[in-house]
Amino acid sequence: NNEQSVPQLLIRDLKFEKKSLAKLMFSPDQENHPSKAPVKYGELIVLGYNGSLPNGDRGRRKSRFALFKRPKANGVKPSTVHIACTPQAAKAISNKDQHSISYTLSRAQTVVVEYTHDSNTDMFQIGRSTESPIDFVVTDTVPGSQSNSDTQSVQSTISRFACRIICERNPPFTARIYAAGFDSSKNIFLGEKAAKWKTSDGQMDGLTTNGVLVMHPRNGFTEDSKPGVWREISVCGNVFSLRETRSAQQRGKMVENETNQLQDGSLIDLCGATLLWRTAEGLSRTPTVKHLEALRQEINAARPQCPVGFNTLAFPSMKRKDVVDEKQPWVYLNCGHVHGYHNWGNKEERDGKDRECPMCRSVGPYVPLWLGCEAGFYVDAGPPTHAFSPCGHVCSEKTTAYWSQIPLPHGTHTFHAACPFCAHQLAGEQGYIRLIFQGPLD
């Protein structure tokens, strides 16, 4: 058994230079901004993209979006309620300077709630539309897609004006999420088919067609995090249990003791894309891209080798994260043994997808390893010792353990765990594997 005769190396055995890495742990904000930096409320990061969109981040369409305090407040809050088709109601709807939400109850009756300026809050809008009221343009995530051309053929299920986030302009800068966003005429229209109702205090509320779901993790976004429960958020920011399917007419039960306040690590699902909310404080404790790059260099400096070809393996630079390099490490997903690329061990009768590991003879998929470059997905700053299965994205053990437990909404009524870096559904017993590298023989 040649497994015994060669040095085995788990990455945790590498002696990482703690001091040098500690210097790199500061957030980009602390490095780059003078003390009069604009206040950052937090960032939204789209799951399924490893640091940038496939064709590059452009304008309002990118893989992560930072929410900064605006020079001038643009938040709104509900004020006057108009019932039926009175001239006032019609005027409120047509008034381009007045935000309003219209609830169509029947052809004869519409309730219009006017919104007025709120000098204490900033509003940010998210959706599929590229119209100017949308601050962050989000399109459907196709698992593992390498270019936007892969995503264009899909009929989108993301609403054009999906949701809005309202941030307090004063400490502690609380952020709250609401379903639906205001369009170019500053209106939100809930048509006859949308679920809507009158609340106990006489106000109106409703749900959007495919809904906005939110999950707050337990124990924050840390190495001790555990998944929370998915809830649906209404147009007025109330919290409900999930409907039977995404667009069912019947709303879930109201959850009185929970709020629409976002916390570090909250997940927002728009039915077609899932966003991770990271607070500015949470990001300051998260590894930076510089830290991940230092870890990459540490692994490569240890000169891991292919146990069969004896060639030195190296993770390619983060900029080359989609092109398989000749020195790229590959892994057998059933056992975790890391090799260089080779052609033997194909199981012809299994469509060539499964291979036999030369080290331990276990049979399973054989895939290239990629470093997870989106630092915002890491729950800790640990070394990259584990890989998601079946995609081969590599990150810390606690990060793989956390994401493998999260049931992410998929389609209209199913949930499954997925790799945060590429959105591929996880496979195998755990959804991830510990990597076994071989050290150099000299």
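The values are calculated or read from the model by the stated rules, or taken from the named source; none is laboratory data. Because the structure is predicted, anything quoted here is derived from the model rather than measured. Note: ideal-geometry Cβ built from the backbone for every residue, glycine included; neighbour counts use all protein chains shown. Accessible surface is based on the protein model in full, side chains and every heavy atom, while ligands, DNA and RNA are left aside. Shrake-Rupley method; radii C 1.70, N 1.55, O 1.52, S 1.80 Å.
For every residue, the table says whether it meets (1) within 20 Å of residue 49 (Cβ to Cβ); (2) open to solvent by less than 30 Å² (accessible area, probe 1.4 Å); (3) over 26 Å from the mean Cα position of the chain (by Cα).
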| site | (1), (2), (3) |
| --- | --- |
| 263 | no, no, no |
| 266 | yes, yes, no |
| 276 | yes, yes, no |
| 283 | yes, yes, no |
| 292 | yes, yes, no |
| 306 | no, yes, yes |
| 310 | no, no, yes |
Sole residue being assigned to a helix (DSSP H, G or I) and not acidic (Asp, Glu), chosen from 294, 314, 381, 387: 294
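In this structure, is residue 181 part of a loop (DSSP other than H, G, I, E, B) and surrounded by fewer than 22 Cβ atoms within 10 Å (Cβ to Cβ)? Spell out the reasoning first.
Values: part of a loop (DSSP other than H, G, I, E, B): yes; surrounded by fewer than 22 Cβ atoms within 10 Å (Cβ to Cβ): no.
It is false that residue 181 is part of a loop (DSSP other than H, G, I, E, B) and surrounded by fewer than 22 Cβ atoms within 10 Å (Cβ to Cβ).
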Residue in the range 81-93 that is surrounded by 14 or more Cβ atoms within 10 Å (Cβ to Cβ), modelled with pLDDT of 90 or more and either touching a strand residue (DSSP E or B) at 6+ places or on another chain (Cβ under 6 Å) or closer than 30 Å to residue 203 by Cβ (or both) present: no
